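Written out below as structure tokens is the structure these notes cover.
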Amino acid sequence: MAKFIIDGKKIEAENGATVLDAARENGIEIPTLCTHDEVGSAGACRLCVVEVKQGNRAKIVASCLYPAEDGIAVDTKSERVMAVRRLVLQLLLARCPGSGLIQDLAEQMGVKPEPRFTADTDKGKCILCRLCVRTCEQVVGVSAIGFSFRGADKTVGTPFHENSQVCIGCGACAYICPTGHIEMETTKTGDSRTIWGRTFKMATCKVCGRYFAPEDQLKYISRTAGVPLENLAVCISCR
Amino acid sequence: MSKIKTLDDLNQAGKRGLAALIPSRIKIMVGMATSGIASGAQEVYNALEAEIKERNLDIILSRTASMGMDCMEPLVDVLLPGKPRLAYSKMTAKKAPALLDQVAKGTIEAIKPFYRMDEEEFIVLGGAKRYFKGAAPAYLRGIPTIQEIPFYKKQVKIATRNCGLIDPESLDEYIAKGGYFSLYKALTGMKPEAIVADVIASGLRGRGGGGFRTGLKWKSCRDAEGEIKYVICNGDEGDPGAYMDRSVMEGDPHSVIEGMIIGAFAIGSHEGYIYVRNEYPLAVKNLAFAIAKARKCGLLGKNIFETGFDFDIKISKGAGAFVCGESTALMASLEGAAGEPRAKYIHTVEHGLWDRPSNLNNVETWANVPAILTRGGKWFAGIGAKNSTGTKVFSLVGKINNIGLVEVPMGTPLKDIVYEIGGGIPGGRKFKAVQTGGPSGGCIPEKLIDLPVDFDELRKAGSMMGSGGMIIMDDRTCMVDIAHYFIEFLESESCGKCVPCREGIRRMKDILEEICAGKGQAGDIELLQEMSKAIIDGSLCALGGSAPNPVLSTIQYFRDEYEAHISEKRCPAAVCKALIAYSIDKKKCTGCGVCRKKCPVKCITGEKKKPHVIDRKKCIKCGACYESCKFDAVTVK
Amino acid sequence: MKKDKTVEKQVKEIVDRYGAEKSSLIAILQDMQGAFGYLPKDALIFLNEVVDVPLARIYEVATFYNAFSLTPRGKYLVEVCAGTACHVTGALTLMERLERDLEIRCGETTGDGMFTLEQVRCLGCCSLAPVMRIGGNIHAYLTQDEIPKILRNYRQ
């Protein structure tokens, strides 16, 4: 167990826990955008920064990755911390002016757009939190999407921005996307869905007859889990 | 080449090497580092080779790299047995026959040597070897010795000890200079702990940027848990304006290899990687050649010096990404991924390459190690400044007379480097600032010219050591433009992983761009400062964490220039195109017409021998007229 | 079809040189860039079949590093050094002159396929600033005046 202080409160955390884990355990809110239980932390959004003091030294760290250590004192709302969060939100407001999530966060924290930053028009709602890419790789296991280019040109998508042959249309990326940038469209009848430019035929449940999953996804599960495709022909509600 | 397994083998190789370094026949060496070749050294070499063959002369023609004075290249050194070594500067292929004539005659009539060397220092072994006995011949006394050349006078060469003196492809010559004796000593006579202790005692700090204590890093990696550990050499010298690591890799690759083997033995590693910039083809070539040779001789591979210690090195070429100079990004790149850094709350000495303990040092750091091992940590600690021991190699470039690579003891005053070694500013212009630390560093103004150059003093002045680039700027350098230059560089080199760096730097760039374009607004300076603080605090890695430094330091020392741009829409250094205009001084213009001919958009008119005029509406401000006018009649404001 | 076969053969040879594991990816791509002058899409898709790396990761690496190009480069790569020493000695002027004379922007290739103009982040030849590299040859202490003649020499 690591014993330390957060916002003046003495707390204990299990070994291996991060400062963010410990804070949440103790009801202290730290805003985050790029961390998720399913895929872990990336340290990319920097919204979760906190100030860690150890003796005379103070530093700003990402709480989602920083290990809870004995004897540290964490300030989750110091002036330095708030300055970073303010800038991060102003930068994201300028990058994704259409994102309701970012607008809400900014409003909660009383952050106004910086007039010197011209709003982008080409980034959609993508804040590059990396949740989709990590989900596709770590949870789904297909790596259909990834990053391309770097710096300000960095984008998320399929290779060559063309139909991915390995995408199974599961939609996990769209479900996890916090801003709604990734669009998945399903036809009225539900017989097909389109994501990343590719249209997937949906399979019907043998029992209820409703469309419930892309055929490619069922084939993928069958192949990787070694389950005959027939065993996957029933939707969760009917199973 | 036979195996080198024993002390006797080393001594034999050393003897052969010494006979090649100071031969009993005439020897001509051409400096063929990248800078030499770019100045025409290959043509000089080819001409000499052809001429020697045609005349059937008994002359050894060999290659070396660069001793640092790149502005004098191509450099050709001539060694006549029993005489001082003579260096000829700015050689050309045309001069080759005349040089050979005077070499054969033993005169210096046709081409005057740049300097002479009476002796050659053997820093690892300690002491120097004279090229001849007694006094220098009378006809050479008028030629200055290398120590009398201001550029070299205050230099102390440890890391670059062999550069420009040996053939980088010759293992024997490296051994003759004391090479691999340190490794022999380490493997056969020292415990790993004792090696680590000696490196700690030397006070050596990482030459790549951060200045972390090398010995302590080694100790942490040695103490880290894990069967497999790696040693890595960072040769991804990405700082623009810096090329010391290129010089060492090109000129003395074995010093890096030997340093790495010693480090590996001290740490308990059997696998090493050298990550070299893609932009350095000759460095890759020379390193690969040296590694292959060392392997062939048994200095790399299994059972080195029959001690049972195994170690080998692989070269990895970078693919053009500045961020890969950051250790975790470099490791990601070695693993075959995009060079994105990760948080270093868990250190790479514990979890580095493939999650295993990894010790990374840069080229110059590794090159220092053999010298420290033989001469002792105490010896090294006695050189330089208190908390910055030893020497540091700097690339002294930009608006300076003597451009080149210099190695000086830490703590050498900036003034000595700029005015004595560097010979001051060309064209009688005024020294304005020196930029150190690359894009992570800052600009040190003229008023701090007495600053002793070491890790701590540079940091106090708002800059940093970085890898050792020193770019001299004169009064024709606009400091806002420089800040914009670095920020633009970093914007395009940001990996894009974290928000403050990816988004923040480009917003800073936009603002700086507007200031340079005369569209700056009141409050911009304060906004830049505020953003800088948050970006430094909030970024994931050192690239973003230091990116605002060039902006902060130029605001700190040259705020008036920012203000002139913003409120007066004026660029005091006459650089920012939107804010300047070219004109011709009627009194000075002779009407020679050169500028009229040079103007690419034909916006200069005038009759012969009568003052010319620039049509400002058509002028694209390329400066071709300004550059070509011999009468200083073109002015820019 | 015949052409594709040779591409596949070349890619296979390169992969054999370094091994099919992920850590070889950058070296493989470097050799592919050298062999083809750029990274053709078909070659990358084929590479995905023979190495143990998802196409998304290959594309990520291929677009991350400056050394790789996804579009064909011209016969000669014209690289203007943008190192600090070159910047303070007038690299920008050189770039602008090249853009005007070649009638392309930095990053583009001339219509005749002769030249691709790029900026390079310091060639480490700071002592020769400003410098430009064409087809691997470094031109030192360059002035904008010399550019037309140099380009003419390469055109011939």
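The values are calculated or read from the model by the stated rules, or taken from the named source; none is laboratory data. Everything quoted here is computed from the prediction, not taken from an experiment. In this analysis, Cβ positions are derived from the backbone assuming ideal geometry, glycine residues included, and neighbour counts consider all displayed protein chains. Areas reflect the complete protein model, heavy atoms only, side chains present, ligands, DNA and RNA absent. Shrake-Rupley method; radii C 1.70, N 1.55, O 1.52, S 1.80 Å.
Every residue in the stretch A:141-166 that is touching a helix residue (DSSP H, G or I) at 6+ places or on another chain (Cβ under 8 Å) and assigned to a helix (DSSP H, G or I), please.
A:Gly151, A:Ala152, A:Pro159, A:Phe160, listed by residue number.
Which of the numbered conditions does B:Asp481 fail, given that it passes all the others? Conditions: (1) more than 10 Å from every other protein chain (Cβ to nearest Cβ); (2) open to solvent by 20 Å² or more (accessible area, probe 1.4 Å).
(1) is the only condition that B:Asp481 fails.
All but one of (1) under 17 Å from the mean Cα position of the chain (by Cα); (2) closer than 30 Å to B:Glu488 by Cβ; (3) free of Cβ contacts under 8 Å to residues at least 12 places away in the same chain hold for A:Glu137, so report the exception by its number.
Of everything listed in (1) under 17 Å from the mean Cα position of the chain (by Cα); (2) closer than 30 Å to B:Glu488 by Cβ; (3) free of Cβ contacts under 8 Å to residues at least 12 places away in the same chain, A:Glu137 misses just condition (2).
Hey, can you tell me all the residues within the stretch B:20-58 that are outside any helix (DSSP H, G or I), open to solvent by less than 40 Å² (accessible area, probe 1.4 Å) and polar (S, T, N, Q)?
Listed by number, the list holds a single entry, B:Ser39.
Out of curiosity, is C:Tyr59 facing chain B (nearest Cβ under 7 Å), in contact (Cβ under 8 Å) with a residue 12 or more places away in the chain and within 28 Å of B:Gly325 (Cα to Cα)?
Taking the combined requirement at face value, the residue does not satisfy it.
Among the residues in the stretch A:197-205, are any surrounded by 20 or more Cβ atoms within 10 Å (Cβ to Cβ) and under 25 Å from A:Ser99 (Cα atoms)?
Within the stretch A:197-205, none of the residues are surrounded by 20 or more Cβ atoms within 10 Å (Cβ to Cβ) and under 25 Å from A:Ser99 (Cα atoms).
Is it the case that the stretch A:181-188 has a residue that's crowded, with 20+ Cβ neighbours inside 10 Å and touching a Ser or Thr at 6+ places or on another chain (Cβ under 9 Å)?
yes
Which residues, taken from the stretch B:426-437, are at negative phi and surrounded by fewer than 16 Cβ atoms within 10 Å (Cβ to Cβ)?
B:Pro426, B:Arg429, B:Lys430
Just the residues that are within 23 Å of C:Gly37 (Cβ to Cβ) and touching a Lys or Arg at 6+ places or on another chain (Cβ under 8 Å), please, taken from the stretch C:81-134.
The answer is C:Cys81, C:Ala82, C:Glu99, C:Thr109, C:Gly113, C:Met114, C:Phe115, C:Thr116, C:Leu117, C:Val120, C:Leu123.
Residues being of a type in the set (Ser, Thr, Tyr) and over 24 Å from B:Ala385 (Cβ atoms): count how many of those fall in the stretch B:183-220.
Within the stretch B:183-220, residues that are of a type in the set (Ser, Thr, Tyr) and over 24 Å from B:Ala385 (Cβ atoms) number 3.
Taking the condition of being touching a residue at least 12 places away in the same chain (Cβ under 8 Å) and open to solvent by 20 Å² or more (accessible area, probe 1.4 Å), how many residues in the stretch A:83-99 meet it?
5
What number of residues within the stretch A:33-47 are out of contact with any Leu (no Cβ under 6 Å at 6 or more places or on another chain) and surrounded by 19 or more Cβ atoms within 10 Å (Cβ to Cβ)?
Result for the stretch A:33-47: 6.
Enumerate the pairs (first residue in the stretch B:35-46 and within 12 Å of another protein chain (Cβ to nearest Cβ); second residue anywhere and in a helix (DSSP H, G or I) and open to solvent by less than 40 Å² (accessible area, probe 1.4 Å)) with beta-carbon separation below 7 Å, excluding pairs fewer than 6 apart on the same chain, so at least 6 apart or on different chains.
Partner pairs satisfying both residue conditions: B:Ser35/B:Asp70; B:Ser35/C:Ser127; B:Ser35/C:Leu128; B:Ala38/C:Leu128; B:Ser39/C:Leu128.
How many residues, within the stretch A:167-200, are within 15 Å of A:Gly146 (Cβ to Cβ), within 14 Å of chain C (Cβ to nearest Cβ) and in contact with a helix residue (DSSP H, G or I) (Cβ under 7 Å, 6 or more places away or on another chain)?
Looking only at that region, the number is 1.
Go through the stretch B:510-531 and give me each residue that's part of a helix (DSSP H, G or I) and within 9 Å of chain A (Cβ to nearest Cβ).
Matches in the stretch B:510-531: B:Asp510, B:Ile511, B:Glu514, B:Asp524, B:Leu527, B:Glu530, B:Met531.
What's the number of the condition B:Ala547 fails, among (1) open to solvent by less than 20 Å² (accessible area, probe 1.4 Å); (2) at pLDDT below 95; (3) more than 10 Å from every other protein chain (Cβ to nearest Cβ)?
All conditions pass for B:Ala547, except number (2).
Yes or no, residue by residue, for (1) more than 14 Å from chain C (Cβ to nearest Cβ); (2) free of Cβ contacts under 8 Å to residues at least 60 places away in the same chain; (3) open to solvent by 30 Å² or more (accessible area, probe 1.4 Å); (4) within 25 Å of B:Arg222 (Cβ to Cβ):
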{"site": "B:Gly318", "(1), (2), (3), (4)": "no, no, no, no"}
{"site": "B:Met331", "(1), (2), (3), (4)": "no, no, no, yes"}
{"site": "B:Gly377", "(1), (2), (3), (4)": "yes, no, no, yes"}
{"site": "B:Ala381", "(1), (2), (3), (4)": "yes, no, yes, yes"}
{"site": "B:Gly390", "(1), (2), (3), (4)": "yes, no, no, yes"}
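On the basis of being touching a Phe, Trp or Tyr at 6+ places or on another chain (Cβ under 6 Å) and either more than 14 Å from chain B (Cβ to nearest Cβ) or aliphatic (A, V, I, L, M) (or both), does A:Ile11 make the cut?
no
Only one of (1) away from chain C (no Cβ under 14 Å); (2) surrounded by fewer than 21 Cβ atoms within 10 Å (Cβ to Cβ) fails for A:Ala152. Which number is that?
(1)
Just checking, which of A:Thr76, A:Thr118 is β-branched (Val, Ile, Thr), out of contact with any Ser or Thr (no Cβ under 7 Å at 6 or more places or on another chain), assigned by TED's automatic domain parsing to the domain that holds A:Asp37 and surrounded by fewer than 17 Cβ atoms within 10 Å (Cβ to Cβ)?
That would be A:Thr118, the only listed residue that is β-branched (Val, Ile, Thr), out of contact with any Ser or Thr (no Cβ under 7 Å at 6 or more places or on another chain), assigned by TED's automatic domain parsing to the domain that holds A:Asp37 and surrounded by fewer than 17 Cβ atoms within 10 Å (Cβ to Cβ).
Restricted to the stretch B:262-288, and to residues that are within 14 Å of chain C (Cβ to nearest Cβ) and in a helix (DSSP H, G or I), which residue is farthest from the chain's Cα centre (by Cα)?
Per the criteria, the residue is B:Ala288.
Specify the residue that is farthest from the other protein chains (Cβ to nearest Cβ); the eligible residues are those in the stretch C:47-56 that are part of a helix (DSSP H, G or I) and buried (at least 18 other Cβ atoms within 10 Å of the Cβ).
C:Leu47
Among B:Ser440, B:Ser463, B:Ser492, which is within 14 Å of another protein chain (Cβ to nearest Cβ), touching a residue at least 40 places away in the same chain (Cβ under 8 Å), of a type in the set (Ser, Thr, Tyr) and open to solvent by 10 Å² or more (accessible area, probe 1.4 Å)?
One residue alone meets the criteria, B:Ser440.
Output the residues belonging to the stretch B:333-365 that are more than 8 Å from every other protein chain (Cβ to nearest Cβ), among the aliphatic types (A, V, I, L, M) and not in a helix (DSSP H, G or I).
B:Val349, B:Leu360 - these are the residues of the stretch B:333-365 that are more than 8 Å from every other protein chain (Cβ to nearest Cβ), among the aliphatic types (A, V, I, L, M) and not in a helix (DSSP H, G or I).
Go over the candidates B:Lys621, B:Lys608, B:Lys597 one by one and state the one that is in a loop (DSSP other than H, G, I, E, B) and more than 30 Å from B:Ala433 (Cβ to Cβ).
Being in a loop (DSSP other than H, G, I, E, B) and more than 30 Å from B:Ala433 (Cβ to Cβ) holds for just one of B:Lys621, B:Lys608, B:Lys597, which is B:Lys608.
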